[in-house]
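Participant: Below you will find the structure I want to go over with you.
Every number in this text was worked out from the coordinates using simple rules, so none of it is lab data. Fair warning: this is a prediction, and the values are worked out from it, not measured in the lab. Here the Cβ is made from the backbone with ideal geometry for all residues, glycine too, and neighbour counts use every protein chain on show.
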Amino acid sequence: MTRKAPAGFVRGNDRLARMLDRPGMQDAVADVHAGMQEMDRAHVEGLADIRKAGLLTQQQLAASMGVDQGSISRVENRDDMLLSTFAEYLEAVGARNAVLVASINGIQVEMPLDRFRRSAGRQDAAAP
């Protein structure tokens, strides 16, 4: 038994198709996609640059983090990562008191990354 869609209901794929039919929309989507790819490229360069600023090779960083070199390569080439992984990466490179900064409505908000380290979380959980 199939249920009838409520009046006015539009399937998501149909709605997307209609949106993409709007003049200029496909170009706008392509521009956003290209921008996302550029950010991904900049992210990869950024992590490698951070490691190089710490005067470390992938092999040296891997040894410091207790992983293999391939793991470091995968982290540096990921599209995204957990904040805990990023915090541990920064700590292993030698960064101290790393802070993520975002500007929201003209106000700079800082979030210390130390609290996201997995090892920090375990220490907090074990504390009385």
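Participant: If each residue of separation counts as 0.36 nm, what is the full-extension length gain between D79 and V99 once their alpha-carbon separation is subtracted?
Facilitator: Gain in length upon complete extension: 5.2 nm.
Participant: Once P(r) over Cα pairs in 10 Å bins from 0, in percent is worked out from the coordinates, which option in (1) 10, 26, 24, 17, 15, 7, 0; (2) 11, 36, 31, 17, 5, 0; (3) 13, 47, 33, 7, 0 does it equal?
Facilitator: The listed entry that was calculated here is (1).
Participant: What relative contact order, as a whole-number percentage, does the chain give when Cα pairs under 8 Å and 6 or more residues apart are counted?
Facilitator: Relative CO of the chain lands at 15 percent.
Participant: A further question on this structure: Please work out the FRET efficiency for the pair A53 and R22, using the Cβ-Cβ distance as r and a Förster radius of 35 Å; give the result to the nearest 0.05.
Facilitator: After rounding to 0.05, the efficiency reads 0.20.
Participant: Can you give the calculated 222 nm mean residue ellipticity of the chain, where each DSSP H run of n ≥ 4 adds -39,500 (n - 2.57) and the sum is split over every residue, rounded to the nearest 500 deg cm²/dmol?
Facilitator: -18000 deg cm²/dmol
Participant: Could you work out how far apart the two model spin labels at Q108 and Q37 are, taking each label as a point 7 Å from the Cα in the direction of the beta carbon, and quote it in nm?
Facilitator: About 3.4 nm separates the two model spin labels.
Participant: Residues with beta-carbon under 10 Å from that of M65, excluding M65: net charge, scoring Lys, Arg +1 and Asp, Glu -1?
Facilitator: Every neighbour counted, the sum reads -3.
Participant: Could you give the DSSP H helices of the chain that reach 18 angstrom or more along their long axis (alpha carbon positions) and whose average Kyte-Doolittle hydropathy is no lower than -0.5?
Facilitator: 25-53
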